[in-house]
1. Say we look at the stretch 88-104 and pick out the residues that are touching a residue at least 24 places away in the same chain (Cβ under 8 Å) and farther than 23 Å from residue 41 by Cβ; which of these is surrounded by the most Cβ atoms within 10 Å (Cβ to Cβ)?
2. State the number of residues belonging to the stretch 75-91 that are part of a helix (DSSP H, G or I) and in contact with a helix residue (DSSP H, G or I) (Cβ under 9 Å, 6 or more places away or on another chain).
3. Among the residues of the stretch 105-118 satisfying the criterion of being over 13 Å from the mean Cα position of the chain (by Cα) and in a helix (DSSP H, G or I), which is surrounded by the fewest Cβ atoms within 10 Å (Cβ to Cβ)?
4. Tally the residues that are assigned to a strand (DSSP E or B), exposed (fewer than 13 other Cβ atoms within 10 Å of the Cβ) and out of contact with any strand residue (DSSP E or B) (no Cβ under 7 Å at 6 or more places or on another chain), restricting the search to the stretch 1-57.
5. Tally the residues that are part of a loop (DSSP other than H, G, I, E, B) and of a type in the set (A, V, I, L, M, F, W, C), restricting the search to the stretch 58-74.
6. Considering 37, 75, which residue is farther than 20 Å from residue 114 by Cα and at pLDDT 95 or above?
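The values are calculated or read from the model by the stated rules, or taken from the named source; none is laboratory data. None of these values were measured; they are calculated from a predicted model. Note that we place each Cβ from the backbone using ideal geometry, even for glycine, and neighbour counts take in every protein chain shown.
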Amino acid sequence: MPLEDFSIKQEAAAGKPGVMVVHVAGYLDAHTYEQLEETIAELFGKNQYKIVVNLSKVEYISSAGAGVFIGALSEAQEHGGNIVLMSPTSNVREVFDLLGLTQIFQVVDDQKTALAAF
């Protein structure tokens, strides 16, 4: 998949002040994970530590991509926040299961459930 097909968008969660929703689309791998790292670092820089990551349009995730979440989780939790992973595709969920991330992260199916986690 060409890099042009990878995108990250962020928005404030409606009805949940202080919660940001990050929408990721495309392949999250060794070529793109730094963009996600920068987005999360930017949010942390603005004291935004409650983050929902919408993965419904991520077709593939590598260990480098998954590592972004692992690296960010402890910092979010140290500041009273959390990172909730929402709507992973079956391919992405399989990788999360293999890496044991479903034991560490809240993985939910919809935004209502994700926002209720905060």
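1. 89
2. 2
3. Among those residues, the one meeting the criterion is 112.
4. Counting residues in the stretch 1-57 that are assigned to a strand (DSSP E or B), exposed (fewer than 13 other Cβ atoms within 10 Å of the Cβ) and out of contact with any strand residue (DSSP E or B) (no Cβ under 7 Å at 6 or more places or on another chain) gives 0.
5. Total satisfying the criteria: 0.
6. Of the residues listed, the single one that is farther than 20 Å from residue 114 by Cα and at pLDDT 95 or above is 37.
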